[in-house]
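The structure appears right after this line, and notes come after that.
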């Protein structure tokens, strides 16, 4: 799909990728879990936080490179077919479908599902991850008889949490997949594309790093903000997924409409209306 060609220059390409990376930075693994970790009592351990964020970024980069190499092979073999009219019709259908599905994540339905989980005693996705992480800590504490939750110096629980959180998002990392598609069709060399993808992953974890620095340097000022952010993200995580689906659906639809020439037809119809 031709999402990055012609008059889309390097600056516009990088700007588009930066916006997608910032959208990705608000996901479960890149912001929800880091905020939860930063809310732990005491001074945050920068090394462990960076180990978590580094693992998430490395996982995303590895998946991205694998997908991008597959996309290059796909474009080499089926590039003409992917730019054909039937392919753009499929893209149009997918875009409209994503936009329609996004309404499933509206606030009222999300709140109803949350209340149902509360009645049934089933925690949400974030709560389940918190319980698992706390379970690791409590089991270690029980085994050692100490007050600490993890073994001194061990970052394996956080690395496991990072891999688990990132793996959980593989099927829903739509902004990232869109970025990979843009890079695959941009004409950049493989080395440059991987470098740009690495930059994407760094931008993706940048907000969490900023929060970490702020939490270390100005804990009293940042803690209330983190609590509000934690509550807001927990309440709106599913609704934000809906917005991501809606935005991606609109982008795919507009691109397909342009390549199918439907936009020109609509303009002509508009002009003829007295």
Beta carbons within 10 angstrom, averaged per residue: use that to sort the peptides 156-167, 25-36, highest first. 25-36, 156-167
Say each of residue 65 and residue 43 gets a label point 7 Å from the Cα, pointing the same way as Cα to Cβ; how far apart are those two points in nm? 3.6 nm
Paramagnetic label zone (point 7 Å from Cα along Cα-to-C-beta, residue 170; backbone N under 17 Å) in segment 51-67: 55-67
Fully extended contour minus Cα-Cα distance, from residue 192 to residue 219, at 0.36 nm per residue: 5.8 nm
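Multiply the residue separation of residue 209 and residue 228 by 0.36 nm, subtract the distance between their alpha-carbon atoms, and state the gained length in nm to one decimal. Show your work: numbers first, answer last.
Details: separation 19, 0.36 × 19 = 6.84 nm, distance 1.79 nm.
Gain on extension, residue 209 to residue 228, equals 5.1 nm.
Every number in this text was worked out from the coordinates using simple rules, so none of it is lab data. Note that this is a predicted model, so its numbers are computed, not measured. Please note: Cβ atoms are built from the backbone with ideal geometry, for glycine as well, and neighbour counts cover all protein chains shown.
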